[in-house]
């Protein structure tokens, strides 16, 4: 997370230019992936290992849910402290009523836990916009992380962002709101949610 006082916020034109320059690869089924380059024995074995149980047939973890990607949890991870977790399987409107406390200047990571079922999903990405409470409409930080392509699996899969440093100093302390989006190359919104955190001088405040 960048320092709100010094962060460069991309203009809409810059963001559109980045989007325009990125060309997502064509979506392929598990069968198409296995069929391609099948004459290359080492590559074939690598892909079978990578796809694992998915090559045996459709994997459906939660039959009542038609989605290919089910986002289960967001965790804020700080070394030597218990993970701070948000359950993303219930009423998302209630998430704003709970707030993480982050010590200023601390290094942290964000972990997303999710399930992929039915088909391989291409080009997952995690997008996060942060706003300062009391300063409506002004984005103080934006991050986009390319999560990657994932085959369906019967167990939960995870993605962890690189380390970020929380801003520090009197001006950085306060309450923030975050808009998070889990999407993909085809702009499918697998989950969109809002949560909040407070930056304080110490954990115990």
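The values are calculated or read from the model by the stated rules, or taken from the named source; none is laboratory data. If you're wondering where the values come from, they're calculated on a predicted model, not measured in any experiment. Cβ atoms come from the backbone with ideal geometry, glycine included; neighbour counts cover every protein chain shown.
Using the structure shown, decide if residue 92 is within 17 Å of residue 176 (Cβ to Cβ) and touching a strand residue (DSSP E or B) at 6+ places or on another chain (Cβ under 8 Å). No: the conditions fail for residue 92.
Among residues of the stretch 107-117 being more than 14 Å from the chain's Cα centre (by Cα) and buried (at least 17 other Cβ atoms within 10 Å of the Cβ), the one that is modelled with the lowest pLDDT is 117. Any residue at all in the stretch 163-183 that is within 26 Å of residue 58 (Cβ to Cβ) and either surrounded by fewer than 16 Cβ atoms within 10 Å (Cβ to Cβ) or in contact (Cβ under 8 Å) with a residue 24 or more places away in the chain (or both)? Yes: the stretch 163-183 contains one or more residues that are within 26 Å of residue 58 (Cβ to Cβ) and either surrounded by fewer than 16 Cβ atoms within 10 Å (Cβ to Cβ) or in contact (Cβ under 8 Å) with a residue 24 or more places away in the chain (or both). The set of residues from the stretch 113-127 being in a strand (DSSP E or B) and under 14 Å from residue 155 (Cα atoms) comprises 113, 114, 115, 116.
Among the numbered conditions (1) in contact (Cβ under 8 Å) with a residue 24 or more places away in the chain; (2) more than 25 Å from residue 61 (Cα to Cα); (3) surrounded by 15 or more Cβ atoms within 10 Å (Cβ to Cβ), the only one that residue 81 does not meet is (3). Taken as a whole, the condition of being exposed (fewer than 15 other Cβ atoms within 10 Å of the Cβ) and either touching a residue at least 40 places away in the same chain (Cβ under 8 Å) or within 20 Å of residue 77 (Cβ to Cβ) (or both) applies to residue 134.
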